[in-house]
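First the structure, in the form of structure tokens, and then the observations on it.
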């Protein structure tokens, strides 16, 4: 499988002396759904800006589908679609015109641009708003418009910088479905997000940046396997006894019907359920106390801070 | 194939620019028409009749080519400056920067948009001037070349202004404090021949003087002692230098990329 994106020793120092990137390197394989995570100011947007030619790098190399960004910028840009964090379209243009114009920038003839605009306006649920000025769209619609615009030239690599920020949960989930669908069709996706549940749900591989350095770059599964302890919250339909001893597990009651238990990654959940059954407890629901990726993220960033 | 793609991109930028100034015609096409009619009435008819002749022409005949050129200059400049800056301000310029478009195509699209508005306003003002005077057109080719090169030069100037501008005030500073004085002192309203020698020589450093005189020569067959060949050379030179500088700014990302 080809490498969609290859970043080598990327440095960026802004004119005010701030070192946003201190030599990060990673690769994204073709067809991947890749998470690029990091706290605010970690260097995610700078990295994306450099990949998309919106930020000048200080040094390093960016290759997209084998082509060097410095040597063949226009060839590289042809493969790239970008959904930025902030709305960056002309607020006074009509929704449809924004897409047709963007297609024109990629050299797509007008007739074909109109057809593609129609396709993506339908796909992203914006068809009814096609004649509206973009400033009149809701926040969620504007986000979808930016996704449609990024896809209008049918890129092989789509970069989304916090695409679901400020979007309600229903719309967020429909966007996840759409992104998974286009990823299955072969589009490589790089996603930055502050919703770690989103990254865990969608992405197969992950890189975490903090203070301009890469602190983790692995598969999502491998990363989650490194989590030693998880805390589960259980809800019981039966009243909890005053005393409950579960061999090998730490039990903490929360109220009359719910409690939490720490489970080591080497421990067996079946054994836990056996013990709960032996105490005649009927469990109606169980959930992770915290998002697994979130726990790891916090611990990785904390470790990096202590260095 | 690549050139076909670039051509489509160029046409897209150009059409977007033209649509923009046509959509807001009460801000872009109407005000210069009204302003110029007032100039024709006040300077041409009311005051001009008292001034008498200028370089052998009625004051109205003399002043009209300069006023047409003045409207071309300001409108070509303002179109590119305001359009490109508002693209920067709204960050929609990023749509262009992420697309596979050579810088020369981006520049050409915006400049041709500015030239089109400059010429559109120039044409409107020319039609209005016919209600006040006649325009004999001494040499159509010099007329066209002078107005075209001037519109290109000032569109490029507007582009540079927009790149350096950080706020909307910045795109009105240059027209107010540099462009307007240079235009007013560039032989629009008077012949440099009537100035004292010292101010006459100083005026020769004003590039707008050459533009106005080349255009006036194309229409009336008269220039205030300015060589038309030199005027064209200066115009072409400015266009070349400013184009190169605009491309340099785009390549380095000045004001566009961090």
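Each value in this text was obtained by applying a stated rule to the coordinates, not by laboratory testing. Note that this is a predicted model, so its numbers are computed, not measured. We place every Cβ from the backbone using ideal geometry, glycine too, and count neighbours over all the protein chains shown.
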Where does each of A:228-234, A:5-11, B:7-13 land if you order them by average Cβ count within 10 Å, highest first?
-> B:7-13, A:5-11, A:228-234
How many percent of DSSP beta bridges within the protein assembly as shown run antiparallel, rounded to 5?
-> 70
Residues of segment A:85-111 with backbone N under 11 Å of the label point set 7 Å from the Cα of residue B:22 along Cα→Cβ are none
Partner chain coverage, peptide A:49-57 - average Cβ within 10 angstrom = 4
May I ask you to work out the translational diffusion coefficient for segment A:3-224 at 37 °C, viscosity 0.692 mPa s, via Stokes-Einstein with Rh from the Kirkwood sum over Cα pairs, reported in whole µm²/s?
-> 184
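Computed over the Cα atoms, what is the radius of gyration of segment A:226-294 divided by 2.2 N^0.38 Å, N being its residue count? Walk me through the intermediate numbers first.
Details: Rg = 11.7 Å, N = 69, 2.2 N^0.38 = 11.0 Å.
That works out to 1.07 for segment A:226-294.
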What value does segment B:98-185 have for Rg/Rh, both radii from Cα atoms and Rh as Kirkwood defines it?
-> 1.05
For the protein assembly as shown, average projected area of the Cα convex hull in nm² = 33.7
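Taking the square root of 5 times each eigenvalue of the Cα gyration tensor, what semi-axes in Å does the equivalent ellipsoid of segment B:167-258 have, largest first?
With the √(5λ) rule applied to segment B:167-258, the semi-axes are 30, 17, 11 Å.
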Where labels lie 7 Å past Cα in the beta-carbon direction, separation of residue A:85 and residue A:262 in nm = 3.5
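Could you check what % of the DSSP bridge pairs in segment A:3-224 are antiparallel, to the nearest 5?
On the way: 22 of 38 bridges.
Antiparallel bridges make up about 60 percent of those DSSP assigns within segment A:3-224.
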Classified through the alpha carbon gyration tensor (a ≥ b ≥ c as square roots of its eigenvalues; rounded if a/c is under 1.5, else prolate when a/b is larger than b/c, else oblate), segment A:159-213 comes out oblate
Using just the helices of chain B, give the 222 nm mean residue ellipticity in deg cm²/dmol: DSSP H runs with n ≥ 4 each add -39,500 (n - 2.57), and the total is spread over all residues, rounded to 500.
-> -23000 deg cm²/dmol
Where does helix B:207-220 land angle-wise versus the long Cα axis of chain B, in degrees 0 to 90, nearest 10?
-> 60
Over all residues in B:247-256, what is the mean tally of Cβ atoms on other chains that come within 10 Å of each residue's Cβ?
-> 1
For segment B:2-252, using Cα atoms only, the Rg and Dmax in Å read 18.5, 61
In degrees, nearest 10, range 0 to 90: what is the angle between the Cα axis of helix A:139-151 and the longest Cα principal axis of chain A?
-> 60
Helix A:292-306 axis, angle to chain A major axis (alpha carbon atoms, nearest 10°) = 80
